[in-house]
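Visitor: Okay, handing you the structure first.
The values are calculated or read from the model by the stated rules, or taken from the named source; none is laboratory data. Remember, predicted model here, so these are calculated numbers, not experimental data. Here the Cβ is made from the backbone with ideal geometry for all residues, glycine too, and neighbour counts use every protein chain on show. Keep in mind that these areas ignore ligands, DNA and RNA; they rest on the heavy atoms of the full protein, side chains included. Shrake-Rupley method; radii C 1.70, N 1.55, O 1.52, S 1.80 Å.
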Amino acid sequence: MDAEHPFSGQSPNAVDDMLDVENKRMADNLATKVTRLKSLALDIDKDAEDQNRYLDGTDSDFMSVTGLLTGSVKRFSTMTRSGRDNRKLLCYVSAGLVVVFFILYYLVSKART
């Protein structure tokens, strides 16, 4: 038995042909896997771009809300630091908001039943 050649009973051309067929089959299999991986990479890229667009939109929304809240806090601080008349107005506005809150709560609870 020839230890170097695993197909010692076959002709060299037949062995080469078998190896070529096996090599082509494995190359086709590899090409299929590469195509599948490329498709997955493109899907991941598209998903990442969509998520980045969403996060950018969320960031700008948060910046808008932050600006609104900062302006409201500044106005509130200015009002509380002002004279007695503004404090009285602030008290009335706060009481009015509490009353409106309870009225809305009552209406919503009645609407559910």
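Visitor: Only one residue in A31, A95 is small (G, A, S), modelled with pLDDT of 95 or more and assigned to a helix (DSSP H, G or I), so which one is that?
Guide: Values: A95 fails: modelled with pLDDT of 95 or more.
Result: A31 is the single residue among A31, A95 that is small (G, A, S), modelled with pLDDT of 95 or more and assigned to a helix (DSSP H, G or I).
Visitor: Against the definition (open to solvent by 100 Å² or more (accessible area, probe 1.4 Å) and either over 30 Å from Y92 (Cα atoms) or assigned to a helix (DSSP H, G or I) (or both)), how does M18 come out, yes or no?
Guide: It is false that M18 is open to solvent by 100 Å² or more (accessible area, probe 1.4 Å) and either over 30 Å from Y92 (Cα atoms) or assigned to a helix (DSSP H, G or I) (or both).
Visitor: Working carefully through the options R112, R81, R87, R75, find the one that is in contact with a helix residue (DSSP H, G or I) (Cβ under 8 Å, 6 or more places away or on another chain) and open to solvent by 100 Å² or more (accessible area, probe 1.4 Å). Spell out how you get there, then give the answer.
Guide: Working: R112 fails: in contact with a helix residue (DSSP H, G or I) (Cβ under 8 Å, 6 or more places away or on another chain); R81 fails: in contact with a helix residue (DSSP H, G or I) (Cβ under 8 Å, 6 or more places away or on another chain); R75 fails: in contact with a helix residue (DSSP H, G or I) (Cβ under 8 Å, 6 or more places away or on another chain).
Result of the check over R112, R81, R87, R75: R87.
Visitor: I'm told K24 meets every condition in (1) of a type outside the set (S, T, Y); (2) open to solvent by less than 90 Å² (accessible area, probe 1.4 Å); (3) modelled with pLDDT of 85 or more except one. Can you identify the failing condition by its number?
Guide: Among (1) of a type outside the set (S, T, Y); (2) open to solvent by less than 90 Å² (accessible area, probe 1.4 Å); (3) modelled with pLDDT of 85 or more, the lone unmet condition for K24 is (2).
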